[in-house]
Amino acid sequence: MSHPAPLPTLNLVGAGRVGQTLAHLWNQNRSLVVQDVLTTSLASAQGACAVIGAGRAVASMQALRSADVWMLAVPDAHIAASAQALAEATAPAPAGAPSPVVFHCSGAQSSATLAPLAARGWRVASAHCILSFASVPAALQQFPGTPCALEGDAAACAVLRAAFSAIGARCFDVASEHKLLYHAAAVFATNFLPVLQSTAEDLWQATGMPAELIPDLRAALLRNAVANITTLGPQAALTGPAARGDKAAIARQGAAVAAWDAQTGTAYEALSTLALRLAQRGRR
Ligand SMILES: NC(=O)c1ccc[n+]([C@@H]2O[C@H](COP(=O)([O-])OP(=O)(O)OC[C@H]3O[C@@H](n4cnc5c(N)ncnc54)[C@H](OP(=O)(O)O)[C@@H]3O)[C@@H](O)[C@H]2O)c1
């Protein structure tokens, strides 16, 4: 009688919002066996294991057992140092043993950040899920269908494609040299929205709009913008002076904004240029 192949084991270095969410899903789905979890303290690693529903909290890199797959879900600024420390702390794989797969979750960095582990023969990759992991409970609900950009060693990407697809991600490949631009797109698509909204509200308040009107106005404008952009597409949803090609109005308005705040004026001018370009694209 043939036995099914054992499930791949997973170690986590860093287990905050992203690490806990993904490990919880893999544990629930039985597609990876969550093994050891290392964070900045034993207490937080124990808390992460409780949320994941599996795993053994450890207090040092030296205490991590060997595993098939390693997730470095630490903040971006700590990935390189964690990879270096992991390369120094782990014993080389026995001759003939399959190389471990190691990946980080950053959108802006490529798998090259894991070079110290690649030098030891590990298969390195990055896997970036395009989702705001604001809290673990919310991310668990929102995860199914999330696009996930894979980059790096082909064999590592194949392992990750299977693991991420099993929990409902929609995987696609991104070239290493495109990761910065790819991530900048996500910044435009989501991170800048609160900045634009906050700037608009500062201007309304500076011009005397009653503060109590702002929450409802914010909700209505954002709700309508989302509906228009998703149903019509960005170009057809564009309104305002740029959509009308009214460059004189843009110039007068830009000068007024720049007089109020120079940096906001620069942003207004740059965004207006992009808005005119978008409007023009629709007329071609
Ligand atoms: N948040 C998002 O929306 C999002 C979306 C896509 C991708 N990402 C990427 O996912 C990665 C993790 O982000 P996150 O939001 O999950 O971060 P996070 O919630 O701040 O969690 C970071 C985790 O790393 C641990 N940690 C920090 N320094 C460490 C070190 N030197 N050694 C071991 N563990 C360490 C922290 O330990 P403690 O628990 O003890 O503090 C924590 O468990 C980043 O690369 C980020 O760019 C994030």
Please verify whether segment 142-153 includes one or more residues that are surrounded by fewer than 13 Cβ atoms within 10 Å (Cβ to Cβ), aromatic (Phe, Trp, Tyr) and over 30 Å from Gln84 (Cα atoms). no
Any idea which of (1) closer than 19 Å to Ala154 by Cα; (2) under 24 Å from the mean Cα position of the chain (by Cα); (3) of a type in the set (A, V, I, L, M); (4) away from the ligand (no atom under 12 Å from the Cβ) is the one Ala119 doesn't satisfy? (2)
Hits in segment 121-154 (condition: under 14 Å from Gly16 (Cβ atoms) and assigned to a strand (DSSP E or B)): Cys129
Scan of segment 35-55 for residues that are within 11 Å of the ligand (Cβ to nearest atom), of a type in the set (Val, Ile, Thr) and closer than 20 Å to Ser66 by Cβ, ordered by number: Val37, Thr39
Please tell me if Leu64 is assigned by TED's automatic domain parsing to the domain that holds Ala163 and either near the ligand (Cβ under 10 Å from one of its atoms) or loosely packed, with under 14 Cβ neighbours inside 10 Å (or both). no
Test: Ala206 is in contact (Cβ under 8 Å) with a residue 24 or more places away in the chain and either surrounded by 12 or more Cβ atoms within 10 Å (Cβ to Cβ) or among the polar types (S, T, N, Q) (or both): no
Of those in segment 179-196 that are small (Gly, Ala, Ser) and either within 13 Å of Pro147 (Cβ to Cβ) or modelled with pLDDT under 95 (or both), the residue surrounded by the most Cβ atoms within 10 Å (Cβ to Cβ) is Ala186
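The values are calculated or read from the model by the stated rules, or taken from the named source; none is laboratory data. Remember, it's a predicted structure, so these values are computed and weren't measured experimentally. Note that each Cβ is placed from the backbone with ideal geometry, even for glycine, and that neighbours are counted across all protein chains shown.
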